[in-house]
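Visitor: Okay, here's the structure, questions in a sec.
The values are calculated or read from the model by the stated rules, or taken from the named source; none is laboratory data. Just so you know, these numbers come straight off a predicted model, no measurement behind them. Here the Cβ is made from the backbone with ideal geometry for all residues, glycine too, and neighbour counts use every protein chain on show. Accessible surface is based on the protein model in full, side chains and every heavy atom, while ligands, DNA and RNA are left aside. Shrake-Rupley method; radii C 1.70, N 1.55, O 1.52, S 1.80 Å.
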Amino acid sequence: MKESSSRKQGAASPCAACKLLRRRCAEDCVFAPYFPAEEPHKFASVHKVFGASNVNKMLQDLPEHQRGDAVSSMVYEANARVRDPVYGCVGAISSLQQQIDALQTQLAIAQAEVVHMRMRHYSSTSSSPDCASPSTTRGRRSHTHHPKSSFNMEVTNMDDSFWP
């Protein structure tokens, strides 16, 4: 449990919650360990979204060892609600999920293009009578054949360990 240094010295410096609520901060204040006076923005956003009474009830209903995590979650959700009042955290999660889906699609397209390039390379080297077999050219760079690609990179060594 984290306490402000002014509380340890016995000074009556109120925590951020009591300061915002304009009340005297008691020695057993449930807010003091989690909303120090140096971080007033934390309680301000939590109070705006959940209300001081509800936060007080939630904290008192929890065992002390879980209160810190609960406050962290409330602060995160409150900040998300301030940014996006309708969806809050769910909006952020949904946006990230859409980004993951788009990146997975791009990755699948890139992997398919690599397979296509390998197939074109192997078919061109095996059909040319003057080219060596793929097993003897593996690991060496071929300057004779560069398939067209939407990627602007050159693949130099693609050994079989790349593919499961």
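Visitor: Please compute the length gained on full extension between D69 and N54, using 0.36 nm multiplied by the number of residues separating them and subtracting their Cα-Cα distance.
Guide: 3.8 nm
Visitor: If you keep only loop residues by DSSP, which GluC sites (Glu not before Pro) in the range 32-117 have at most 13 other Cβ atoms within 10 Å of their Cβ?
Guide: E38
Visitor: Tabulate in residue order the Karplus-calculated ³J(HN,Hα) for the range 104-112, using 6.51 cos²θ - 1.76 cosθ + 1.60 with θ = phi - 60°, rounded to whole Hz; enter x for Gly and Pro.
Guide: Karplus values, whole Hz, x for Gly and Pro: 5, 5, 4, 5, 5, 5, 5, 5, 5.
Visitor: On the full set of protein chains, 1.4 Å probe, figure out the accessible area of I100 and give it in Å² to the nearest 10.
Guide: Solvent-accessible area, nearest 10 Å²: 80 Å².
Visitor: Note down the net charge around V46, summing +1 for each Lys or Arg and -1 for each Asp or Glu among other residues with Cβ under 15 Å from its Cβ.
Guide: +4
Visitor: Further question: Taking a 1.4 Å probe, which of K48, K19 shows the most accessible area, and what order do the others take after it?
Guide: Sorted descending by solvent-accessible area, the residues read K48, K19.
Visitor: In addition: D for the range 28-88, whole µm²/s, Stokes-Einstein with Kirkwood Rh over alpha-carbon pairs at 25 °C and 0.890 mPa s: what number?
Guide: D = 209 µm²/s.
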